Amino acid sequence: MGVAKIGRFPYSLSIMKQVYLDTFGCQMNVADTDRMELVLFHSGYRRTLEKEDADLILVNTCSIREKAEQKIFSLFGGLKPLKMANPDLILGLTGCLGQQEGEKLLKRMPYLDFVMGPDQVDGIAQAVDRVRDTGKSFVWTGFDQEKVYSIPELSLSKSPGPSAFVNIIKGCDKFCTFCVVPFTRGREKSREPEELFEEIRHLVNQGAKEIILLGQNVNSYGKRGLKNPMPFHELLYGIAEIPGVQRLRFTTSHPNDFTRETIRAYRDLDILVNHLHLPVQSGNNQVLKAMRRDHTIEEYRDLLAELKSEVPDISLSTDIIVGFPGETDEAFADTLKVMQEVGYSSSFMFAYSPRPGTPANELPDSVPEETKKRRLQETISLQSRQTAQQGQSFIGKNVKVLIEGRSSKPGYTFKGRNPQYWNVNIQGGESILKAGDTVTVQVETVSGHTLNGTTRQRDAG
Ligand code: 5AD
Ligand code: SF4
């Protein structure tokens, strides 16, 4: 593919076609959509926020739970009349649902022009050309096992906000029995460390202050397939050497790949923030085993105890699934127990959703929907109480906030996050502050996972 050089606009904006992009699902999908926007920009498409103006509509999909799928089908129902009214409009479905369902989607929605999987993101311009050239619909999925995972120079033309995401690894080799990711995103592949360091240096030069490393299982970074193999913790130390990186985060982690060396990195590296998202999924050993998480709840607790001994004020968040096949009332009570013991600052909580092709789909979906709903509600209530309790402990205290942008809360100027990943609304500083500044904020009130307070001063740096 002919790739335009950084910073040079290949087309006059007035003759560019327009693409409307919609994204469902995780941060990886958000990053993939950004990437497609960039690739398409260099092929003569600029982004529009109006579907009606678009020459090309792409929906980047998610299939992690059934609810996500339902939302996507209802969105396409609304797009069909646009295609009927304008046959030149190109309609593409990309992402995990595309990988999972392939041809079935063309049968269900014959007005679709193409279906693509997550591994084809860089080929989006070719896919569009193919529709234009042949006028025929097609499915393009699968994985190129030989291809290295690289996001080359094109990404460098992007100007980041104060907090920038960097994909370090894609795919997953864990095969938890409930999860479609190993099937939709394929085997783990890491990007070369040098490419990552270069991207981060570039992001910092462009104004990024915080780097968030992304991957389905970041701790597995660098295990194989690299010219210069490098374990995850060494990557962290390497990033800490780059001048200008003020904060470093990563998500998501798997407890089994979370090493002692990474715990040590928390102790050694000032830029590594005191927050960790560590999915537990369930507090019960039998359920964990059936989920094939390959660790016990005791091992999970021991890991956190070790981490807390190095970073006493670390805040923890998690993912929880309720109603997995075979989850009894007692097993569910173990999940509530671990939530209480750990005291997560926030959690993503889900009712189990059987997914086609996953091993758990072969098990009877034994927990009635009503019970799943009730258990989900119980976890949500418990988490709300814990978040509220922790929030109260911030009142009257000072927190360091990296300003990410304007606040939409009336009476507040800016919003950002503290190191522990609480949202913070800021009052004051209107004329002296800007996005990218770090400020000290005195917390006055709390709502949910958001702290509200006032600043009068900007910190150095
Ligand atoms: N049903 C419910 N939740 C799921 N997750 C993944 N697959 C499923 C499923 N089939 C949740 C897990 C994972 C998060 C991203 O989504 O908690 O960590
Ligand atoms: Fe899915 Fe498990 Fe991989 Fe996470 S670690 S992406 S839950 S298979």
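Brief remarks on what is shown
- Modelled spin labels at Glu430 and Ile395, positioned 7 Å past Cα toward Cβ, are 2.7 nm from each other.
- Ranked by solvent-accessible area (1.4 Å probe, protein heavy atoms only, all chains present), the residues Tyr111, Tyr300 order from largest to smallest as Tyr111, Tyr300.
- Each peptide in 287-298, 378-389 was scored by the mean count of other Cβ atoms within 10 Å over its residues; highest first, the order is 287-298, 378-389.
- For the pair Asp173 and Arg301, the difference between a 0.36 nm per residue extended length and the Cα-Cα distance amounts to 43.7 nm.
- Stretch gain in nm, segment Glu198-Asp319, where the contour uses 0.36 nm per residue and the Cα spacing is subtracted: 40.4 nm
- At an R0 of 22 angstrom, the distance between the Cβ atoms of Gln377 and Gln286 translates into a FRET efficiency of 0.45.
- ³J(HN,Hα) computed for each position of the range 17-32 - Karplus, 6.51 cos²θ - 1.76 cosθ + 1.60, integer Hz, glycine/proline x: 7, 10, 10, 9, 10, 10, 10, 10, x, 7, 4, 5, 5, 4, 5, 5
- Listed by chain and number, the lysines whose alpha-carbon sits under 26 Å from that of Lys397, ignoring those within fewer than 8 places in the same chain, are Lys209, Lys308, Lys409, Lys415, Lys434.
- Share of pairwise Cα separations in the range 346-461, more than 17 Å, in percent: 62 percent
- You can think of it this way: the chain between Asn86 and Arg46 has 12.5 nm of extra reach, that is 0.36 nm per residue less the Cα-Cα gap.
- Counted over the chain with a bin width of 20 Å, the fraction of Cα pairs per bin, in whole percents, is 22, 55, 22, 0.
- Close Lys pairs in the range 56-182 (alpha-carbon distance under 26 Å; sequence gap of 8 or more, or different chains): 24.
- Placing a pseudo-label 7 Å from each Cα along the Cα-to-Cβ vector at Arg132 and Asp22 gives an inter-label distance of 2.4 nm.
- Cα pair distances exceeding 19 angstrom across the range 71-141, given as percent: 28 percent
- Counting only heavy atoms of the protein chains and using a 1.4 Å probe, Lys71 has close to 130 Å² of accessible surface.
- Modelled label positions at Thr445 and Ile212, each set 7 Å beyond Cα in the direction of Cβ, lie 2.6 nm from each other.
- Estimated translational diffusion coefficient (Stokes-Einstein, Kirkwood radius over Cα pairs, 10 °C, 1.306 mPa s) of the range 68-197: 95 µm² per second.
- Of the peptides 421-429, 78-86, the order by per-residue mean of other Cβ atoms within 10 Å, starting with the highest, comes out as 421-429, 78-86.
The values are calculated or read from the model by the stated rules, or taken from the named source; none is laboratory data. This is a predicted model, so every value here is computed, not measured. When we count neighbours, we look across all protein chains shown, and the Cβ atoms used for this are built from the backbone with ideal geometry, even at glycine. These area figures cover heavy atoms from the full protein model, side chains too; ligands, DNA and RNA do not enter into them. Shrake-Rupley method; radii C 1.70, N 1.55, O 1.52, S 1.80 Å.
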